[in-house]
Structure formats: structure tokens, C-alpha cells
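The values are calculated or read from the model by the stated rules, or taken from the named source; none is laboratory data. Because the structure is a prediction, the values reported are computed rather than measured. Here the Cβ positions follow ideal geometry from the backbone for every residue, glycine too, while neighbour counts run over all protein chains shown. Side chains are part of the model used for accessible areas, which takes the heavy atoms of the whole protein and leaves out ligands, DNA and RNA. Shrake-Rupley method; radii C 1.70, N 1.55, O 1.52, S 1.80 Å.
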Amino acid sequence: VWQWIRHQARLEDDGRVVSRQLVTELTKELRTDLSPLCHSERTKQKLHTAADMFLEVVLKRHFPEFITSYLNMDHTFLSSQSTREEETVEAGRQRAKL
């Protein structure tokens, strides 16, 4: 997708040029369509984090050389991981009280 944006590729079905705006709009539309299928707040958060990470990577001027290194340094990804760790700790505390 990053290359499609850079090379102004055209979509086969309708000929639209793949642009930053088009990718952003389609991602937001897909997020909206998929959100009702998420049965928990955590699942919704994962969907939003994934969409945010996707947009962050494909809309960058320069594509990251190593995506795993980039994600390990990325605020969006790290904050989603720390939230999961906090939830795990809190669940452990709740079980300990029982």
C-alpha cells in the first residue's frame, strides 16, 4: 500500500488513484464496518490500534527498514501492549481477592 501511494497506482475496479486521503478514508470506513463485530472493548481497542498502526506505517514518507524494530519503538504499539499488561495485572489482583 505504501508503494501504491508513492507510485500513484490506480484501482482496477474504478480507476481511482491510491492516495494518502483514499487510504485513510477506506481504513476509517473499514474500522467503522468492523467495529460492531467486536464483542468486547478490548477487541475494539485492538481493531483501532491495528488501524492506527497500519495508517502510521503506510502514510510515512519513508517506509521503515525493519518493521518489527519500528513497531517495538512505536508509541501506538507500545501503549497497546502496556494496556494489555495492566489488564492482566488487574485481573490477577481480582482473582487474588476471591
Points 7 angstrom from Cα along the Cβ direction at Trp4 and Phe54: gap in nanometres? 1.0
In the stretch 2-50, what percent of the accessible surface is made up of carbon and sulfur (1.4 Å probe, ligands and nucleic acids excluded)? 53
Give the long-range amide H neighbours of Ala9: residues separated by 5 or more places, or on another chain, with amide H under 5 Å away, using H modelled in the peptide plane at 1.01 Å from N. Val18
Go through the stretch 37-52 residue by residue and turn each phi into a ³J(HN,Hα) via Karplus (6.51, -1.76, 1.60, θ = phi - 60°); whole Hz please, and just put x for glycine and proline. 7, 7, 9, 9, 5, 5, 5, 4, 5, 4, 4, 5, 5, 4, 5, 5
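Give the calculated FRET efficiency between Ser19 and Leu47 to the nearest 0.05, with a Förster radius of 25 Å applied to their Cβ-Cβ distance.
About 0.60, to the nearest 0.05.
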So, in nm, how far is label Ser35 from label Leu71 when the simple model puts each one 7 Å beyond its Cα toward the Cβ? 2.4
